[in-house]
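The values are calculated or read from the model by the stated rules, or taken from the named source; none is laboratory data. Keep in mind that what you see is a predicted model, and the values were worked out from it rather than measured. Don't worry about glycine lacking a Cβ; one is built from the backbone with ideal geometry, like all the others, and counts go over all protein chains shown.
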Amino acid sequence: MPKFNDLTGRIFGELTVINRTDDYIDSKGRKYVVWNCLCSCGNYIKVQSRILTNNNTKHCGCKDIDLTGQKINAWTVLRKDKNGWFCQCQCGNTGVISTNNLLNNKSKSCGCSSWFDLIDKKLGRLTVIKYAETINNHSYVWCKCDCGNEKKIKVSDLNKKYKPTRSCGCINKERIGKLNFVDITGKKYGKWTVIKYNNNGNWLCKCECGTEKSMKASTLNSGLSKGCRNCFKFDIDDHFFDIIDSEEKAYILGFLYADGYNNNKYKRIKIDLQSDDENILVKIKHALQYTGEILHYNFKTKIFNGKEYKVKPTSRLNLYSENLSNQLVDKGCIQNKTYKVDFPNNDILPIYLYNHFIRGLIDGDGHIGYWIDNKKTGHKKFSLSLTGTTEIIHNVCKIIVEKFNCKPDLRSRFKDRDNNNLTMSICGNKVIEGILDWLYSDSNIYLDRKYNKYIELKEQNNKTMYNQNNTYCMRKVIQLDLNYILINEYKSLQETEKDGFNSSSIGFACKGKFKNNSHQHKGFLWYYKDDYELLVNKEEII
């Protein structure tokens, strides 16, 4: 058998052998070794060993192509060059482009195409006049608005899909005017005095201590800000997040990851929630030993992506602490975290606190819900979901899959947008119950609204109840004959299956959900022991 000839790295004319690829088999079943080769023009080509070694192929075919005079995208080919083709762009710039980049549309222009096609184009009220400059790889053009103003605008702002720039700013001014613009210059709000309007929707205000700040009229009218933070200083545990070593710290970190705002520039941490969930803000406030107040405001509507939405009364927790803000940044809770926050590593968050951190994520950006799948019995199908960055969701999924052997469904948060957000969904009452048991184990801080859904799931089919210590215990089941004589007592519904009964059917019988509210099943009467004792005490059963 002939010795294998490894051609990796060898050069044949313009071709450099990269690696071996799948063999070629002809119609007679004969195999030929095939190599993946890179041509000097940048193209990749697959060539058989025998063709390479016989010098039958020395290039990908680029040496046989003459592109002189051709116009390819924004390039016009002027002449052949030793490194490719000497081309002139539509804007006048020149450059040497390889055959591969020209023919495969890897180079369409010198970089001007982002703005070149916009010249003299009408975009809303703007007419693009000329190229301005390029700063940090961002191109700018001069535009003239219908109102007469000229403004330098970033090309990407003109081309973006959502809320592209379509005026010099005059549209916003007109919109403010239509919303019954009220001049509040000179008015006093707490320690703030309004100095002037900034023409950008904000008012320049001056505090009694001399501090100046721009704020919206809605903020002033709602009473959210009564003065600068120098005039309103409150006690707070500045070192709360130095080390994450407790349930409260892990939970609040997770909650801030999901629903908090850490403005590191101004050292301000903010949480906005509907007032129905204010209880969790009170718990966070007490955990941080914060002596300030929770603020309240009631806006009827808000505008998002050009659409108006109704909103519920809102509660806000404002925290000002340089060390807290810096520690949150160190722990990964950055300011613009919507698309780039990652799951904290074990140096930040110990594994034994994962359940509390994830509970915080779900309370902030998750959902626990249900729908009734059987109207006769009222049986509920529960679902659990969480939305976050791809990194967060993949890590949470990995933890849940390893612990509970389930398969979460992952989908893009917005199907029509290219972003870094995913939504994880889990169905199945038993799986969700196990996950929530883990999340709420040894917990003292949680969002009551979602915890109540967990209680509903636990009490599904009355399989559990509270004891005097307000903890879960299994409900005992008693079996009676038709004369109400005790036959057997079971510790739980599941224990009835040992005697060949169906626990679901026994559960329906215990609740009297068979025909005519009967507790009879399989020739016996079935009750939850606590329900039966209550009926005996009321003398409804003698």
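Summary of computed values
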| read-out | value |
| --- | --- |
| Cβ-Cβ under 9 Å pairs, at least 6 apart or on other chains, segment 366-379 side β-branched (Val, Ile, Thr), far side at pLDDT below 75 and surrounded by 10 or more Cβ atoms within 10 Å (Cβ to Cβ) | ILE372/GLY378; THR377/ASN461; THR377/LYS513 |
| Test: residue in segment 61-71 that is closer than 24 Å to CYS87 by Cα, at pLDDT 80 or above, outside any strand (DSSP E or B) and among the aliphatic types (A, V, I, L, M) | yes |
| Selection count where residues are in contact with a Lys or Arg (Cβ under 6 Å, 6 or more places away or on another chain) and free of Cβ contacts under 8 Å to residues at least 40 places away in the same chain, scope segment 97-142 | 7 |
| Every residue from segment 155-165 that is surrounded by fewer than 16 Cβ atoms within 10 Å (Cβ to Cβ) and not hydroxyl-bearing (Ser, Thr, Tyr) | ASP157, ASN159, LYS160, LYS161, LYS163, PRO164 |
| Answer from LYS270, LYS302, LYS249, LYS265 - the residue that is at pLDDT below 90 and touching a Phe, Trp or Tyr at 6+ places or on another chain (Cβ under 8 Å) | LYS302 |
| Test set (1) touching a residue at least 24 places away in the same chain (Cβ under 8 Å); (2) in a strand (DSSP E or B) - TYR32 fails condition number | (1) |
| Of all residues in segment 21-60 being small (Gly, Ala, Ser) and closer than 30 Å to ASN105 by Cβ, the one that is modelled with the lowest pLDDT | GLY42 |
| Test for VAL33: is it surrounded by 12 or more Cβ atoms within 10 Å (Cβ to Cβ), farther than 27 Å from LYS82 by Cβ and among the β-branched types (Val, Ile, Thr) | yes |
| Some residue of segment 500-517 being over 49 Å from the mean Cα position of the chain (by Cα) and either of a type in the set (D, E, K, R) or modelled with pLDDT of 85 or more (or both) | no |
| Counted residues, segment 473-490 - those being surrounded by fewer than 13 Cβ atoms within 10 Å (Cβ to Cβ) and within 51 Å of the chain's Cα centre (by Cα) | 1 |
| Flag if LEU52 is more than 45 Å from the chain's Cα centre (by Cα) and without any contact (Cβ under 8 Å) to a residue 40 or more places away in the chain | no |
| Residues being more than 30 Å from GLY366 (Cβ to Cβ) and modelled with pLDDT of 80 or more - total across segment 446-491 | 16 |
| Hits in segment 114-137 (condition: among the polar types (S, T, N, Q), in a strand (DSSP E or B) and over 20 Å from CYS89 (Cα atoms)) | THR127 |
| Positions within segment 331-360 being hydrophobic (A, V, I, L, M, F, W, C) and either free of Cβ contacts under 8 Å to residues at least 24 places away in the same chain or assigned by TED's automatic domain parsing to the domain that holds ILE432 (or both), in sequence order | ILE351 |
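Here is a yes/no grid of residues against (1) surrounded by 14 or more Cβ atoms within 10 Å (Cβ to Cβ); (2) closer than 30 Å to GLU208 by Cα; (3) basic (Lys, Arg):
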| site | (1), (2), (3) |
| --- | --- |
| LYS122 | no, no, yes |
| GLU133 | no, no, no |
| TYR140 | yes, no, no |
| GLY148 | no, no, no |
| LYS152 | no, no, yes |
| THR185 | no, yes, no |
